[in-house]
1. Net charge near Leu20: determine it from the other residues with C-beta under 10 Å of the C-beta of Leu20, scoring Lys and Arg +1 and Asp and Glu -1.
2. Provide Leu113, Leu42 ordered by accessible surface of protein heavy atoms (probe 1.4 Å), highest first.
3. How much accessible area does Glu39 have with a 1.4 Å probe, in Å² rounded to the nearest 10?
4. Could you order Ser16, Ser178 so the one with the most accessible surface comes first? Probe is 1.4 Å.
5. Given Cβ point charges of +1 (Lys, Arg) and -1 (Asp, Glu) and nothing else, what value in debye, to the nearest 20, does the dipole of the chain about its Cα centre take?
6. What whole-number distance in Å separates the alpha-carbon centres of the stretch 21-64 and the stretch 199-226?
7. Evaluate E = 1/(1 + (r/R0)^6) for Val192 and Lys118, where r is the Cβ-Cβ distance and R0 equals 35 Å; express this FRET efficiency to the nearest 0.05.
8. Using a 1.4 angstrom probe on the protein heavy atoms only, could you order Ile17, Ile82 from most to least accessible area?
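The values are calculated or read from the model by the stated rules, or taken from the named source; none is laboratory data. The shown structure was predicted, so the numbers you read here are calculated from the model rather than taken from an experiment. Neighbour counts run over all protein chains shown; Cβ positions are idealised from the backbone, glycine included. Protein only, heavy atoms only, side chains kept; ligands, DNA and RNA dropped before computing areas. Shrake-Rupley method; radii C 1.70, N 1.55, O 1.52, S 1.80 Å.
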Amino acid sequence: MPASNGTIVVIEDDPSIADLVDMYLRREGFRVIQTTSGEDGLEAIARERPRLVVVDVGLPEKMDGLEVCRSLRATSDVPVVILTARDNEVDRIIGLELGADDYVTKPFSPRELVARIKAILRRAEPTTRREATLLRVGEVEIDLARHEARVRGAPVALTAREFDLLTYLAENEGLVLSRRQLLDGVWGLDWVGDDRTVDVHVRQLRKKLGTELPLSTVWGVGYRLG
Ligand code: CA
């Protein structure tokens, strides 16, 4: 398959994980540059100007994945996905604060990582973003320009937060999103509150949009639209 989707730099010192990610990304038409340290990773990014960077937080030598994010954000807007150890709240929060676009916790499914990467690249494309002012999921239409949701053409009154939540779910169509990811993405990192906030808003969306909204609850994980 020709490498037509652009280059992704992967910074991961564990070869089994790096190779797996590499294989899945190549299959999707990306060209992959593997590096095993933060220093080599930054060098590769400067040289290759990739479309996206995947970086493990736990790296050997002096520069870990968070340092890579910090250093990268001083000069570049390239989208970054961090790989964090399971349940490491602190790495996740610091990583997102340092400008990472998303995170995946180990152990992760490569398919999920690829889906997240594609979602980020879709959001990151300025032209598509401007053109894509209408999102459609099932019978629900989300008009970003008019800030309006419609079911079969009929407008439905949503609060600003409900609208943002619906938009975020639609932009990540088909992906399972945890309550934490939804809080980070919709409410923001500095928002103080618990996961039930998400459930309350989801309940409102379901009530207002009814069965036309193809939103599933994934028990023990979160929600998926589409
Ligand atoms: Ca590692």
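1. -4
2. Numbers: Leu113 5, Leu42 35 Å².
Heavy-atom accessible area, descending, gives Leu42, Leu113.
3. Only protein atoms counted, so the area is about 60 Å².
4. Details: Ser16 80, Ser178 30 Å².
Solvent-accessible surface, decreasing: Ser16, Ser178.
5. Numbers: 32 positive and 38 negative charges, 214 e Å.
Roughly 1020 debye, rounded to the nearest 20.
6. Value for the Cα centre distance between the two parts: 35 Å.
7. Efficiency, from the Cβ-Cβ distance: 0.65.
8. Details: Ile17 40, Ile82 0 Å².
The ordering from most to least exposed comes out as Ile17, Ile82.
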